[in-house]
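Here is the structure we will look at, set down as structure tokens.
The values are calculated or read from the model by the stated rules, or taken from the named source; none is laboratory data. All figures in this text were calculated on a predicted structure; none of them were measured in a lab. No Cβ is skipped: glycine too gets one built from the backbone with ideal geometry, and neighbour counts run over all protein chains shown. With ligands, DNA and RNA removed, areas are computed over all heavy atoms of the protein, side chains included. Shrake-Rupley method; radii C 1.70, N 1.55, O 1.52, S 1.80 Å.
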Amino acid sequence: MKVAVSGTSGLIGSSLVSFLSKKDITVSKILHEDLINNEIAWKPEKGDWDSAFTDGIDGIVHLAGENIAAGKWTKEKKEKIRSSRIEGTKRLCEHVLKLSSPPSVFICASAVGFYGDRGAEILNEDSSRGSGFLSDVCIGWEGATNTISNAGIRVVNVRFGMVLSNAGGALAKMLTPFKMGMGGKIGSGKQYMSWVAIDDVTRAIYHALITDSLKGPVNVTSPNPVTNKEFTKTLGRVLKRPTIMPMPAIGARLAFGEMANELLLASTRVEPKKLLDAGYHFQYPELEDALKHILNAV
Ligand SMILES: NC(=O)c1ccc[n+]([C@@H]2O[C@H](COP(=O)([O-])OP(=O)(O)OC[C@H]3O[C@@H](n4cnc5c(N)ncnc54)[C@H](OP(=O)(O)O)[C@@H]3O)[C@@H](O)[C@H]2O)c1
């Protein structure tokens, strides 16, 4: 099987490339920067493509997009977050439609931000969209793949939850304060966090690649989302550190601006219904086991 992957230098992409390579899958990298070696080049701003892309690709995993959590959400940053995903995906799909032998499956990243801030409501793929910037981005991002699903290509919009890894992302950011004993709940701590271990992210993407029945939105989150308070306590327990330094909501808003409302204070309790129905078996369904494995604290 030959699979082209975008966003390969990122948290999920780098892990996915090494996972797929172990499965004897040939991976071509779609780069958002200039052509490196003989890998496929993609310049989303110009829509340029290297001809190597036409070489009989069986599937595409499209992960690329401006990093959401690095830097404040200024007007410019928000536009980059939006256009790198929506316009970038549109261009990639336009290119796919021109291929003489298009891939049979297109996995496109999305996020549980689709559902917005929903308190304790249990959300699955049939739940309605939320409101807010990230929800709008996800709607446009998923909608950008309609052209190729209408053309008969199987599209899976993988709605990732908060990916836990020791290599970067949200957990890596939390580690320093928590290790110093300065960790604590954020705001009321009642907001739900839909987390997923990186090992389950790569395995779920592979499952989506090879499972013909999976299509449309698919939540990639553990079956056991927890409140921020539970998350805080569990991380403290695994690290053997106290967690008595709460960050009030107002402090989070002052430090992180609008991003705090949508990423830190919003409550999203998501269940991975379609993955479970399609027979996916989670390697790390429980938070404590996932954290012990990721932080090598067994
Ligand atoms: N990690 C999470 O917790 C999480 C949760 C929900 C959704 N997601 C989504 O899943 C996707 C992958 O996540 P990730 O954590 O691996 O992201 P990441 O670490 O930020 O990596 C994204 C990759 O996209 C490419 N990229 C960076 N800036 C870009 C730009 N302006 N335009 C186009 N491409 C750009 C880069 O890859 P190259 O240099 O190789 O091109 C980068 O390594 C992202 O779209 C993210 O929004 C992630």
query = Quick one: would you say residue 240 is touching a Leu at 6+ places or on another chain (Cβ under 8 Å) and either at positive phi or at pLDDT 95 or above (or both)?
reply = no
Residue tally, condition more than 9 Å from the ligand (Cβ to nearest atom) and closer than 29 Å to residue 57 by Cα, over segment 168-201 = 3
query = Quick one: which of 67, 157 is under 19 Å from residue 30 (Cβ atoms), touching a Ser or Thr at 6+ places or on another chain (Cβ under 9 Å) and within 14 Å of the ligand (Cβ to nearest atom)?
reply = 157
message = Report every pair of residues separated by at least 6 positions or lying on different chains whose Cβ atoms are under 7 Å apart, first residue within segment 278-298 and of a type in the set (D, E, K, R), second part of a helix (DSSP H, G or I).
response = 288/234; 288/238; 292/238
ask   = Hey, among 99, 123, 92, which residue is more than 13 Å from the ligand (Cβ to nearest atom), surrounded by 21 or more Cβ atoms within 10 Å (Cβ to Cβ) and in contact (Cβ under 8 Å) with a residue 24 or more places away in the chain?
value = 123
query = Is it true that some residue in segment 182-198 is farther than 25 Å from residue 276 by Cα and without any contact (Cβ under 8 Å) to a residue 40 or more places away in the chain?
reply = no
task = For residues that are near the ligand (Cβ under 8 Å from one of its atoms) and not hydrophobic (A, V, I, L, M, F, W, C), scanning just segment 1-14, find the one that is most open to solvent (accessible area, probe 1.4 Å).
result = 9
query = Being closer than 23 Å to residue 144 by Cβ, at pLDDT 90 or above, within 13 Å of the ligand (Cβ to nearest atom) and among the basic types (Lys, Arg), is that true of even one residue in segment 46-55?
reply = no
remark   = Restricted to segment 102-117 and to residues being buried (at least 20 other Cβ atoms within 10 Å of the Cβ), more than 19 Å from residue 6 (Cα to Cα) and of a type outside the set (Val, Ile, Thr), the residue nearest to the chain's Cα centre (by Cα) is 113
query = Can you find a residue in segment 165-180 that is within 19 Å of residue 84 (Cβ to Cβ) and in contact (Cβ under 8 Å) with a residue 40 or more places away in the chain?
reply = yes
ask   = For segment 114-133, does any single residue satisfy the condition of being out of contact with any helix residue (DSSP H, G or I) (no Cβ under 9 Å at 6 or more places or on another chain), charged (D, E, K, R) and farther than 30 Å from residue 240 by Cα?
value = yes
note = Log entry, pairs with first residue in segment 228-250 being more than 16 Å from residue 267 (Cβ to Cβ), second being in a helix (DSSP H, G or I) and basic (Lys, Arg), beta carbons closer than 9 Å, six or more apart or on different chains, reads 238/292; 239/179; 241/179; 243/233; 243/237
message = Would you confirm whether or not segment 148-160 contains a residue that is in contact (Cβ under 8 Å) with a residue 12 or more places away in the chain and surrounded by fewer than 16 Cβ atoms within 10 Å (Cβ to Cβ)?
response = yes
request  = Determine if segment 141-150 includes at least one residue that is within 21 Å of residue 197 (Cα to Cα) and in contact with a Ser or Thr (Cβ under 7 Å, 6 or more places away or on another chain).
outcome  = no
